[in-house]
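Engineer: Okay, handing you the structure first.
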Amino acid sequence: MGIHLYRIDDRLIHGQVVVGWGQPLNIRLLILVDDLVASSDWEKELYRMAVPPDMEVRFADVATAIRDHPKYAADPRPGLILTGDIGSMYRLVKGVKAIGNVNLGGIHHRAGRSEKLRYIFLTPDEESQLKQLEAAGVEVTAQDVPSARAVPLPEVLEGAAR
Amino acid sequence: MNENAGAVPETPRAIVVGHGEFAGGLVSAVGQICGMADKLVVLSMMGMTPEDIEGTIRDHLARTGARVIFTDLPAGSATIAARRIVRDDPGLVLVSGVNLATLLDFVFSTDVSPTEAARAAAERGKASLIVVGR
């Protein structure tokens with residue numbers, strides 16, 4: 001079945017991911033790619049308990065996820081790969097070279113970020129990384145839930161869809 | 001995080017937090033049924049980072065003295081944040097999957113501590129789920 005969604009969401013595993021996308025896409029394998037979470041047994045247990053019993057969750061740092069991506073993609077279950085920040089997804093895409101699209105699901109306000117959409121705030125460096133992904137042929141869209149319109153990156157960066 | 005209820009109630013026993021207007025709606029129903037909504041602090045987490053959610057819950061626990069947190073979904077950001085808080089303070093109680101029956105039982109259980117009341121209310125809430133029909 002392969003990976004159905006590559007998502008960036010700073011809330012990591014939460015309702016929109018597990019229910020909002022997980023149910024309509026019938027996600028059965030969730031890979032959380034986060035260097036910090038992957039290094040902490042407590043963090044892994046925290047997020048494992050948030051996942052329903054019919055969904056397997058795996059944890060990987062970015063380097064491991066790049067190495068194991070062929071296994072994820074070959075898994076017969078519908079999969080979702082999730083990172084908590086743009087930098088991690090940027091490294092993953094650069095390392096895998098077979099990722100065709102990235103979903104911006106939730107990147108919220110912090111110092112140095114400016115609002116692009118209700119749920120997307122970006123620093124100039126983050127904008128640059130996303131532009132580089134698009135220039136490399138990766139389709140980047142913002143869409144918090146499946147019923148919402150997928151907003152193309154240029155429109156996101158203009159802030160016109162706010 | 002938006003605080004739907006406005007001012008903090010005088011004698012809060014718990015914080016209720018969830019997606020959208022879930023917490024406000026649930027506590028509004030408690031008020032309509034028994035007039036005891038002032039026992040509960042309403043928080044919404046819309047548009048917040050995980051750090052903001054956790055910080056706001058911690059702040060309200062400190063300000064109100066509440067020892068119980070009710071959340072909606074086990075996978076929700078509020079539940080994740082609350083579990084981090086309970087890890088630091090094991091004397092707190094988190095109940096995830098809260099429903100109206102749970103909150104009603106909780107606010108009426110004034111003869112026991114809030115944490116004891118929360119545990120009993122969770123059982124009442126589970127028992128309130130029934131299925132009728134084929």
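Every read-out reported here was derived from the displayed coordinates using simple, explicitly stated rules and does not represent laboratory data. Bear in mind that the values here come from a model prediction, so they are computed numbers and not experimental data. Note: ideal-geometry Cβ built from the backbone for every residue, glycine included; neighbour counts use all protein chains shown.
Engineer: For the Cα atoms of chain B, what angle does the longest principal axis make with the long axis of helix B:77-88, in degrees from 0 to 90, nearest 10?
Structural biologist: In chain B, helix B:77-88 runs at an angle near 70 degrees to the longest axis.
Engineer: Hey, could you grab the Kirkwood Rh for the protein assembly as shown? Inverse mean 1/r over distinct alpha carbon pairs, Å, one decimal.
Structural biologist: Across the protein assembly as shown, the inverse of the average 1/r is 20.4 Å.
Engineer: Rounded to whole Å, give me the distance from the Cα center of region A:61-139 to that of region B:115-134.
Structural biologist: 41 Å
Engineer: Which value results for Rg/Rh of chain A when Rg is the Cα radius of gyration and Rh the Kirkwood radius based on the inverse mean 1/r?
Structural biologist: On the way: Rg = 14.8 Å, Rh = 15.8 Å.
In chain A, Rg relative to Rh is 0.94.
Engineer: Helix-only estimate, please: 222 nm mean residue ellipticity of chain B, summing -39500 (n - 2.57) across DSSP H runs of length 4 or more and dividing by its residues, to the nearest 500.
Structural biologist: -15000 deg cm²/dmol
Engineer: Right, next: Please work out the C-alpha center-to-center distance from region A:23-57 to region B:76-99 and express it in whole Å.
Structural biologist: 18 Å
Engineer: What is the magnitude of the charge dipole of the protein assembly as shown about its Cα centre, with +1 placed on the Cβ of each Lys and Arg, -1 on the Cβ of each Asp and Glu, and no other charges, expressed in debye to the nearest 20?
Structural biologist: Here the protein assembly as shown has a charge dipole of around 580 debye.
Engineer: Still on this model: What would the Debye formula give as log10 I(q)/I(0) at q = 0.18, 0.23, 0.25 Å⁻¹ for the alpha-carbon point model of region B:84-125, no solvent?
Structural biologist: Log10 of I(q)/I(0), two decimals: -0.48, -0.72, -0.81.
Engineer: Which of A:Lys116/B:Lys126; B:Lys39/B:Lys126; A:Lys94/A:Lys116; A:Lys44/A:Lys94 have a Cα-Cα distance over 31 Å?
Structural biologist: Beyond 31 Å: A:Lys116/B:Lys126.
Engineer: Let me ask something else. Can you pull the percent of Cα pairs in region B:23-77 with separation above 13 Å?
Structural biologist: Working: 956 of 1485 pairs.
Of all Cα-Cα pairs in region B:23-77, 64 percent lie more than 13 Å apart.
Engineer: At 222 nm, what helix-only mean residue ellipticity would chain A give, in deg cm²/dmol to the nearest 500, using -39500 (n - 2.57) for each DSSP H run of four or more?
Structural biologist: -9500 deg cm²/dmol
Engineer: Another question about this same structure. Ignore the peptide's own chain and count Cβ atoms of other chains within 10 Å of each Cβ in A:38-51; give me the average, rounded.
Structural biologist: Other-chain Cβ atoms within 10 Å of each residue's Cβ, averaged: 2.
Engineer: Next question. How high is the relative contact order of chain B, in percent, counting Cα pairs under 8 Å that sit 6 or more residues apart?
Structural biologist: Relative contact order here is 24 percent.
Engineer: Return the tail of the calculated pair distribution for region B:14-127, meaning the percent of Cα-Cα pairs more than 25 Å apart. Mind showing how you got there, number by number?
Structural biologist: Details: 755 of 6441 pairs.
I get 12 percent for the Cα pairs in region B:14-127 exceeding 25 Å.
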